[in-house]
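The values are calculated or read from the model by the stated rules, or taken from the named source; none is laboratory data. Values in this document were obtained by computation on a predicted structure and should not be read as measured data. Reconstructed Cβ throughout: ideal geometry from the backbone, glycine too, with neighbour counts over all protein chains shown. The accessibility values were calculated without ligands, DNA or RNA, using every heavy atom of the protein model including side chains. Shrake-Rupley method; radii C 1.70, N 1.55, O 1.52, S 1.80 Å.
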Amino acid sequence: MRGLGLSEALAVVIMVGVVLALAVVFIIVSGINMASASASVSLSQAETTLVNIAQDLNAAVMSGIPYYSLSYPLPTTQFGVYNIVRDYCKLVVVSNTGAVVWSVTSDAVIFGIPPNYLTMPSGFRKVLFGNDLLIFYNSSSFFGVSQLGAGSLNGVSYGTYVVLYPRVGVVNVTSSSAYVFVPVIVARFNPALPNLLVANVTAPSIVAIESPQYLKYTCGTNQQSLSGYSKIEIVKIEVIIEYG
């Protein structure tokens with residue numbers, strides 16, 4: 001067989017180069033698709049975990065038992081991370097003089113996926129447990145779970161994340177007075193609890209406020225106000241969460 005000419009050899013080299021380049025592209029695309037699919041599975045697992053926690057915490061708060069302890073294993077994954085967002089929610093009560101007479105902040109529990117694995121559009125919101133209202137009347141869940149789109153929390157960027165946060169419950173006593181139940185998450189890292197989350201619901205404390213002008217509750221970018229009462233009694237219920 002005669003040897004290849006220069007032009008033929010060059011064509012073979014180019015063809016081999018193209019094939020190798022296409023193979024590399026295929027491997028990269030396959031890897032990205034596989035990582036994205038794995039991230040979606042991890043997100044589904046986190047959604048189930050946080051919804052289960054929200055349901056159990058709601059049952060604990062509604063039971064009226066002064067102290068209630070719960071623990072959960074957190075599924076490990078390299079495609080996302082569980083974290084705490086400090087002061088994710090804030091409640092302020094303003095008097096009819098315009099002064100803030102009572103306020104409190106609450107942490108939130110999240111599971112976030114980095115943008116390079118999975119990204120949802122900024123502004124995307126999907127309610128997974130409860131509803132989109134931060135303040136509810138008489139009967140609903142004291143905790144909500146939602147999936148949100150791309151955003152930054154405490155300086156960390158996520159392509160999408162699931163957040164567990166407390167909601168405020170209002171029970172009317174008369175047409176002008178009400179009990180306002182305020183669960184507050186206080187979270188702290190505990191290295192002695194690897195891949196474990198422990199929640200302790202503590203005994204409530206009550207604060208009476210006369211002549212409130214309005215109450216404003218904010219969680220993330222969501223906000224809701226409450227007004228029209230001459231007296232409210234705030235029932236604060238701390239939920240101490242430790243995670244490792």
Read through the list (1) closer than 29 Å to Pro73 by Cβ; (2) modelled with pLDDT of 95 or more, then give the number of the only condition that Val180 fails. (1)
Filter segment 71-110 down to the residues that are part of a strand (DSSP E or B), among the polar types (S, T, N, Q) and surrounded by fewer than 21 Cβ atoms within 10 Å (Cβ to Cβ) and list them by number. Ser71, Asn83, Ser95, Ser103, Thr105
So, in segment 163-192, exactly how many residues are of a type outside the set (S, T, N, Q), assigned to a loop (DSSP other than H, G, I, E, B) and open to solvent by less than 50 Å² (accessible area, probe 1.4 Å)? 1
Where residues in segment 205-237 are open to solvent by 60 Å² or more (accessible area, probe 1.4 Å) and under 24 Å from the mean Cα position of the chain (by Cα), which of them is farthest from Phe181 (Cα to Cα)? Thr221
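Hey, among the residues in segment 77-134 that are over 19 Å from Ile241 (Cβ atoms) and in contact with a helix residue (DSSP H, G or I) (Cβ under 7 Å, 6 or more places away or on another chain), which one's modelled with the lowest pLDDT?
Among those that are over 19 Å from Ile241 (Cβ atoms) and in contact with a helix residue (DSSP H, G or I) (Cβ under 7 Å, 6 or more places away or on another chain), it is Thr77.
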